[in-house]
Amino acid sequence: MATFLFGERWPCFSRLRDVTVLPDLGYGSMVRYIAVRLLSLIPSLFGLILLTFIMLHAVPADPVTSLAGENASPEQVAELRARFGLDKPLVEQFGIYVWQILQGDLGNSIFSNRPVLEEILARLPATLELITFALVLAAFVGITLGTIAAVRHNGPIDNIVRAVTISGLAIATFWVAIILQMVFSMELNWLPLRGRFDVAYPAPPLITGFLLIDSLLALDLTAFGIAAQHLAMPMITLAIPAIATIARFTRSGVLETMQKEFVDYASAVGYRRNRLIWIYVLKNSLSVVIMQLGLLFGALIGGAVAIEAIFDWPGIGSYAVNAILNFDYKAVLGVTIIIGIIYGIVNIIVDIIHAFVDPRLREGI
Amino acid sequence: MRRIMQIISTLAIVCYIGLAGSLTATHAAERPLVWAESLPPTLDPHARFDVPIQTIMVNVYDALYRYTGNPPKLVPWLAESHTTSDDGLTWEFRIKPGLKFHDGSDMTAADVVYSFQRLLKMGKGPSSVFRGVLLPENVKAVDDRTVRFKLEAPYAPFLSTMPLVSIVNPRQIEKHVKDGDFGEAWLSANDAGSGPYKVNPETYQQRVRLDLVRFKDHFMGWDHNSKPMENVSLRPVQDPSTRVLALLRGEIDATGAYLPTDQVERIDKSKNANVSRDETMRIFLFRMNNKKPPFDNVHVRRCLSHAFDYDGFNKIVLKGFVERNPGPIPNGLWGIPEDIKGYTYDLEKAKAECDKARAQGADLDREFEIHTLAELEQTVQAAQLFQSALTKLGLKVRIVPGTWPVLSAAAAKPDTAPELWVFWISTYFVDPENWIGQMYDTSFHGTWKASAFYDNPEVDKLLRAARRETDQSKRAELYKQAYRIIYKDAADIWIYNTIQLRGLSNRVKGYQFTPVGSGSDFRSISLKD
Amino acid sequence: MSDPLLTIRDLSIDIETPTVAAKVIDHANVQVHLGETVGIVGESGCGKTTLLKAILGILPKTAVCRSGEILFEGRSLLDLWGTEESRRIRSCDIGFIPQDPYLSLNPAFTVGRQLNESLLELTGQGAYAELLRMLRAVQLPDPEGVLERYPHQFSGGQRQRLLIAAALARRPKLLIADEPTTALDVTTQSEILEVMRELANETGVAMLFVSHDLGVIRSICDRVTVMYAGQSVETAPADALVNAPKHPYTRMLLNCHPGRSHGFKGIPGQVASPLDPPPGCRFSPRCPIAIAECSRRRPQPLHPSPSQEVSCPRYEIDLETAADA
Amino acid sequence: MLIKDFLSRNSAGMIGAVLVVLACLVGISGPWIVPDPDAAFQTDIVNRLRPPSMEAWMGTDHLGRDVFSRIILGTRGALGVAFIVVAASMILGVTVGTIAGYEGGVLSAILMRITDVFLAVPQLILALALAQLLKPSYLTVVVALSLTYWPFFARTAYAETKRIASGLFVEALFSIGASRRRILCYHVLPNIAPAIIVRATIGIGFVILTAAVLSFLGMGAPPPTPDWGVAVAESRQFLPEAWWFALFPGIAIYLVVLGFNLLGDALRDFVDPRIRRSS
């Protein structure tokens, strides 16, 4: 049964297209592998917290004063500082903070006095949705462009694709965002200018936090349409450098695989040209691309900061900028930790997908 | 080739869905009012003391008194009437009958007492106004409709500070108090008020989204507005340019209160939006640290006062959307001497003053810094204009962009306070005390408002007398004398009194502006059909 | 003998490089009849692989056919290069066994998936059953299990058996083997040859067997064509060729074979490079009995007997006499 | 004639080299070649936001300053920051990478763990936090970007050193008694130099872009310093009427970064024979 569910469906010889489902993996070994990787995440996370904590406390500014109000007396300010535990020695503050984290409490934001974890988790899906769909778009377009360029090697299409990818890495995304806004929402009026959803239309019920998926789950096509429209421009802007990177790596990956012997054998025994390239050659050259997807995920979280500001996207990028501007210590630390954890998990997922693609690695797990 | 066909077909489907969505979206239910005012990080009216929280105080809560109209008049709101004892220490307020909170419970004097005590005990922003004036234990309920306050010292502007205290519902708050936080964590995302609009906690997301629903049995009734707004959606737009573009496109109905002047022409030209211009009470000034050489020398301060191109900035850069404000009290308020016209932009006079200062040994060769508020473009433009004028006088100036938390914290002590920085002082309560009183009285040193560290015993005497005096005409005389001295000392460089600029879409009707709350009062607003 | 299944007559193929055109195949002739196993033997770089690719129609776009034709069941394969029909023929009518089993299987897919892909053209359960029968025929245990596993889970010999089974499962008319045993150790080599010989007899499929090893050729082929630098210098029945080689190159080649009794003589000089091939007979620079005429005009193929062909007018002359002169 | 051969055969590299040389020339000789230097700083409110004309080829900005001269002067800032950041992060990154690659064992694990920590936090948020903590100035931008960019060098150096250190000739050197320092400096470094140079060239383009984003978010160089990112940020309020104010700085960023990317790519193809053979 496991083979059927997870294993590769044994190809029947009818004309039906067979589908490669995720190949079977020993269940026990996978769980053990993930546990080991998660444990290895802890030391780098601890380093991360230490680094950010030191950086933030090295600064003279003190948000409590502005919180205490215009003519708050020094005593009032001191009393507030005590309440937030900011008067204790730094090492003690750090110790308390780490202990709290272990209990899942990232502390309260100094301004809204609400748990930072709650605020971040409220805004996290917006950024994750933006980045995930940007990566999906980038993977789809990047891999297609890269493969076409490699197949028509040194031909006109190859040169065009190379020119486009090099430019994609050179363009400032915030500049493109501004231009897209001007053209598509102000002049052509096709796409909404800002925000994640339309005010007038009731948002789909919160299930995954991803508006596109939630609206599909709620079978609400209009909501899906609205969410898709709002997502379009930020997604495309964020995807541009990712498309360029993925196309370049796919191209060199496919070029390398085309040299391999099994490609000659495959064409000698009559594989269809398209299937040979798009299934058999591509799957072999994807391992490099998947590594890039992991790295890109981290880079895009940073890149999203400017995009979220321009398109008024309520993600953690704009939350982080706000927190930094107002020296909301706990909020900045909270964002850093959450991004660190996401980055770690994404790398683990990348390695697991990598094993699926390249069976020889499976023995390693 | 088959592969490429697949790609094109999937993209086509996505576009189709997009278009389908857009067609239906436009016919969606009648669009609610979308207000792009910036949201405060917390909805608790007793926790913050800045412009964004005023939108919540005006719409979700009520106070004993409230400012209405422009120029603002203090009118009784929850309170019916008030009496003051002869020595000005005991104040009694009588509240109207039949007042209801959002949860339906009746409002009594005890709730008023609870609200004042909560605000004072929390010791956050708004409580600073009552420092040394009112203690929590001196607020008592005489009967279920009368509250008595006993002040520590006579405080003339006490009545004008009443709108700062929102009356909250103890029954809702006490249930959610967590380890002595006065229920602040819960109230930061909920509503315990009695105001014309209720907060919808389900859809509230901090700094991102707040939906308000009309409270039908608000005590002031709704006959003043035939088609009141059932729903108001507050959607702050972080980026100023995106905010204006959203207005032009009709995605939002109103921008925030700080509309950049460059955008005014563009909105006026557009066919679906306009700019409402209302003179408010908000002074824009260059603050000089009078304790830090060379600014401790009056001639240096006068030299700089003559070196700023007031008309160039007000008329050209800000396109005449502001009025020259010669001194520390905003135009239109009482207490301003009639004969003072303000320092003129005159480089010869400036040079003469600087030479006098050099003669007295002031060190004018050192490069000094102008600190600006990076995210507020106007402060940067003013600083750059000032810098190019001062370099003509041979003075070396460096512009340092900063942020509000950094500068307001540094302003607490004379040695860390910036030597020259630029900001606004807004209306929190309509009384000269809010400006000249709290800016130049040495007892307020340590607050950013008094970060000029101006020290003149005679001015202290005048201001303290004015604070205690109950008769407004006598207070006006005292403030005028103090005003003349401070002006002659050129303690700061007062530039203009703001005209409040807010972009509004053409379908908005009934927008009424008052300096306190800067016009975000949804009670009176309705939509043209 | 009926008409040959596969006829390569007077075939010349150049492969253009940016600088010069490499004349890889120069007027080669090969025939394969139904049920017959024909061997092609020659040193590496004599154009064997290019010839196979020409038959299969998978030469790169830079390959140009200067002369001659390739007929398969009377149809010219040259015109079909790059067409869907050529691919169909490769998929159904011609089986191919590659040289290096380690590299010829795609590491990222299961064996079943790849074999299925190469048999996509055949419909119905027939091919699947045939493949299982073939897998048993090549002595691979548990055929269903084999299809689930990945290439790296098999030894070299097992992989070659898989490839042989794949080639034969389509019931091809012609089986092309490109040095199928070269990459294997000696013991596995003989096993594989044994399997191929059995299956060839059993299925009666015509086979074109390419190798550089005369011993292997002799053990499996009915007729043999010797190639040197893109030219087919001699064709003869296997035993005749070994016992009575005619073309000087074949004779010297046989002398090189370590198995021969009297001493071991290498062939002086280098193999002719296709980039600037010597005129006329390309073996002339290294041929002990070459005369001026040999390098001026390309020798015409002569037929000392109906089943033999040799492209050297001086094939009767004894090598030793010329060597002393 | 290595360079001639490299350039002639690789046209893209040629374009890249030309762009880079042009940018450096403009960067160095900025103040002298600008038509009139103080037009870039002097606020001239009367003719603010003028379209491109004979006197101001790229029009004027919102304070009446000449956009063209500000772009030219901005080049020095952008390139200066990029070169210093790349140099600083190269020195730090390569040292960490080489030592980690060569030593192996616990030290290498710790060093690489630290590198991962810096890589875990997205570069921009770390740079934003640093830029905000220290008063915004060029020094801040340099420190912020170097602290967040060195891990990329560390990773490249680590991979290359590991590859070379396992090479036989390093063991041979060790056996004839060469000290570790000598091996690292005279043998390992020259061998990993090509990969580092390629990473540096592409890095410069990347740093220019990131610095532009920092300035765009208002945390870069303080006014009135001419800066491309700041120009694009300030220009936003005046779009689409004052299109030139936003367009030209964007193009300037694009051309310079494109130059470095093309040059970097060409260098990598030239340096890495494996790819050269396949193209």
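The values are calculated or read from the model by the stated rules, or taken from the named source; none is laboratory data. On a predicted model such as this, the values are computed, not experimentally measured, just so you know. Cβ atoms come from the backbone with ideal geometry, glycine included; neighbour counts cover every protein chain shown.
Among the residues of region A:211-235, the ones that are more than 12 Å from chain B (Cβ to nearest Cβ) and within 21 Å of the chain's Cα centre (by Cα) come to 2 in all. Among the residues of this structure, residue D:144 counts as one that is modelled with pLDDT under 85 and either outside any helix (DSSP H, G or I) or within 14 Å of another protein chain (Cβ to nearest Cβ) (or both).
One residue stands out among those in region B:424-455 that are within 12 Å of another protein chain (Cβ to nearest Cβ), touching a strand residue (DSSP E or B) at 6+ places or on another chain (Cβ under 9 Å) and not aliphatic (A, V, I, L, M): the one that is surrounded by the most Cβ atoms within 10 Å (Cβ to Cβ), which is B:451.
Of all residues in region B:252-279, those that are surrounded by fewer than 20 Cβ atoms within 10 Å (Cβ to Cβ) have Cβ atoms under 7 Å from Cβ atoms of residues that are part of a loop (DSSP other than H, G, I, E, B) and hydroxyl-bearing (Ser, Thr, Tyr), 6 or more apart or on another chain, in B:276/B:511. Among the residues of region C:108-124, which ones are part of a loop (DSSP other than H, G, I, E, B) and under 28 Å from residue A:257 (Cβ atoms)? Hits for region C:108-124 are C:108, C:109, C:110, C:119, C:120, C:121, C:122.
Scanning region A:261-298 for residues that are of a type outside the set (Phe, Trp, Tyr) and over 30 Å from the mean Cα position of the chain (by Cα) yields a total of 13.
Scanning region C:91-109 for residues that are closer than 12 Å to residue C:170 by Cβ and of a type outside the set (Ser, Thr, Tyr), we see that the one that is surrounded by the most Cβ atoms within 10 Å (Cβ to Cβ) is C:95. Here region D:219-229 is the region considered, the condition is being at the interface with chain B (Cβ under 10 Å from one of its Cβ atoms) and either modelled with pLDDT of 85 or more or over 17 Å from the mean Cα position of the chain (by Cα) (or both), and the residue that is surrounded by the most Cβ atoms within 10 Å (Cβ to Cβ) is D:219.
Return yes or no: is residue A:255 more than 8 Å from every other protein chain (Cβ to nearest Cβ), buried (at least 18 other Cβ atoms within 10 Å of the Cβ) and assigned to a helix (DSSP H, G or I)? So residue A:255 does not fit the description; no. Looking only at region D:208-218, residues that are assigned to a helix (DSSP H, G or I) and over 16 Å from the mean Cα position of the chain (by Cα) come to 1 in all. Identify all residues within region C:41-53 that are under 15 Å from residue C:11 (Cα atoms) and in contact with a Ser or Thr (Cβ under 8 Å, 6 or more places away or on another chain); write none if there are none. Matches in region C:41-53: none.
When the test is whether a residue is over 13 Å from the mean Cα position of the chain (by Cα) and of a type in the set (A, V, I, L, M, F, W, C), residue D:200 does not pass it.
Return a yes/no flag: does region B:38-45 have any residue that is more than 29 Å from residue A:226 (Cβ to Cβ), at pLDDT 85 or above, more than 11 Å from chain A (Cβ to nearest Cβ) and crowded, with 19+ Cβ neighbours inside 10 Å. So far as region B:38-45 goes, yes, one or more of its residues are more than 29 Å from residue A:226 (Cβ to Cβ), at pLDDT 85 or above, more than 11 Å from chain A (Cβ to nearest Cβ) and crowded, with 19+ Cβ neighbours inside 10 Å. Looking across region A:161-210, the residues that are facing chain D (nearest Cβ under 10 Å) and of a type in the set (Val, Ile, Thr) come down to A:165, A:166, A:171, A:173, A:176, A:178, A:179, A:183. Suppose the filter is touching a residue at least 40 places away in the same chain (Cβ under 8 Å) and basic (Lys, Arg); does residue B:464 pass it? No; evaluated as a whole, the condition is false for this residue.
Of all residues in region A:89-124, exactly one satisfies the criterion of being basic (Lys, Arg) and either out of contact with any strand residue (DSSP E or B) (no Cβ under 7 Å at 6 or more places or on another chain) or assigned to a helix (DSSP H, G or I) (or both), namely A:123. Taken together, the criteria place residue C:82 among residues that are over 29 Å from residue C:150 (Cα atoms) and within 12 Å of another protein chain (Cβ to nearest Cβ). Within the span defined as region A:258-278, one or more residues are in contact (Cβ under 8 Å) with a residue 60 or more places away in the chain and either within 7 Å of another protein chain (Cβ to nearest Cβ) or farther than 25 Å from residue C:104 by Cβ (or both).
Of all the listed residues (D:99, D:72, D:91), the sole one being more than 19 Å from the chain's Cα centre (by Cα) and either crowded, with 16+ Cβ neighbours inside 10 Å or within 26 Å of residue D:143 (Cβ to Cβ) (or both) is D:99. With respect to residue B:245, determine if the residue is outside any loop (DSSP other than H, G, I, E, B), buried (at least 23 other Cβ atoms within 10 Å of the Cβ) and more than 9 Å from every other protein chain (Cβ to nearest Cβ). No. Looking at C:184, C:168, just one residue is part of a loop (DSSP other than H, G, I, E, B) and either farther than 26 Å from residue C:13 by Cβ or under 16 Å from the mean Cα position of the chain (by Cα) (or both), and that residue is C:184.
Please work out which residue is surrounded by the fewest Cβ atoms within 10 Å (Cβ to Cβ), limiting yourself to region B:384-418 and to residues that are within 14 Å of chain A (Cβ to nearest Cβ) and among the polar types (S, T, N, Q). Among those that are within 14 Å of chain A (Cβ to nearest Cβ) and among the polar types (S, T, N, Q), it is B:416. Listed by position, the strands (runs of 3 or more DSSP E) enclosed by region B:361-458 that each have at least 1 residues that are at pLDDT below 85 are B:368-373, B:397-402.
Among the candidates A:249, A:311, A:297, A:327, the residue that is at positive phi, more than 14 Å from chain C (Cβ to nearest Cβ) and in contact (Cβ under 8 Å) with a residue 40 or more places away in the chain is uniquely A:327. When D:221, D:193 are checked against the criterion of being without any contact (Cβ under 8 Å) to a residue 12 or more places away in the chain and small (Gly, Ala, Ser), a single residue qualifies: D:193. Criterion applied to D:238, D:206, D:270, D:216 was being within 24 Å of residue D:25 (Cβ to Cβ) and within 13 Å of chain A (Cβ to nearest Cβ), and the one residue passing it is D:206. Filtered by the rule that a residue be surrounded by fewer than 19 Cβ atoms within 10 Å (Cβ to Cβ) and more than 13 Å from chain A (Cβ to nearest Cβ), region B:369-383 gives a lone residue, B:369. Just name the residue that is farthest from the chain's Cα centre (by Cα) out of those in region C:125-156 that are in a loop (DSSP other than H, G, I, E, B) and facing another protein chain (nearest Cβ under 7 Å). Within region C:125-156, the match that is farthest from the chain's Cα centre (by Cα) is C:125.
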